Amino acid sequence: MTDNHSDALVFFGVTGDLAYKQIFPALQAMIRRGHLDMPIIGVAGRPWSIEQLQAHVHESLSEHGGVDKDAFAKLCLLLQYVSGDYHDKATYTKLRQALGPA
């Protein structure tokens, strides 16, 4: 097994039900255990601000396992949001920009 590490975690459907019920609690757990320290870029079609997404994540964690204050704060620092239509090339241009050098 190689010791390669990813530069970023990108996931589509960040505002959806699967993210709400399972992915956000899993991300918080990974951060709490020290297994996740890279940009997390969520992509979805809703025209939300990053503050709206962070509130959504907090609500998710409150309902599904509890909020770890420190892990949630770090998750918010790592989390970015790209809003756009999956069929629009501009969405992927915004995603590429959000990735920066990753």
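The values are calculated or read from the model by the stated rules, or taken from the named source; none is laboratory data. Quick caveat: nothing in here was measured; it's all calculated off a predicted structure. Please note that ligands, DNA and RNA were not included when accessible areas were found on the heavy atoms of the full protein model with its side chains. Shrake-Rupley method; radii C 1.70, N 1.55, O 1.52, S 1.80 Å.
What the table below lists for this structure:
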| item | result |
| --- | --- |
| Accessible area expressed per residue, the chain, with surrounding protein chains retained (probe 1.4 Å, Å²) | 62 Å² |
| Anchor Lys89: lysines whose Cα lies under 27 Å away (excluding residues fewer than 8 positions away in-chain) | none |
| Per-selection metrics, the chain (Cα): Rg and Dmax in Å | 13.6, 40 |
| Carbon + sulfur, % of accessible area of the chain - ligands and nucleic acids excluded, 1.4 Å | 54 percent |
| Within the chain, helix-based [θ] at 222 nm, where runs of 4 or more DSSP H residues each add -39,500 (n - 2.57), nearest 500 | -13000 deg cm²/dmol |
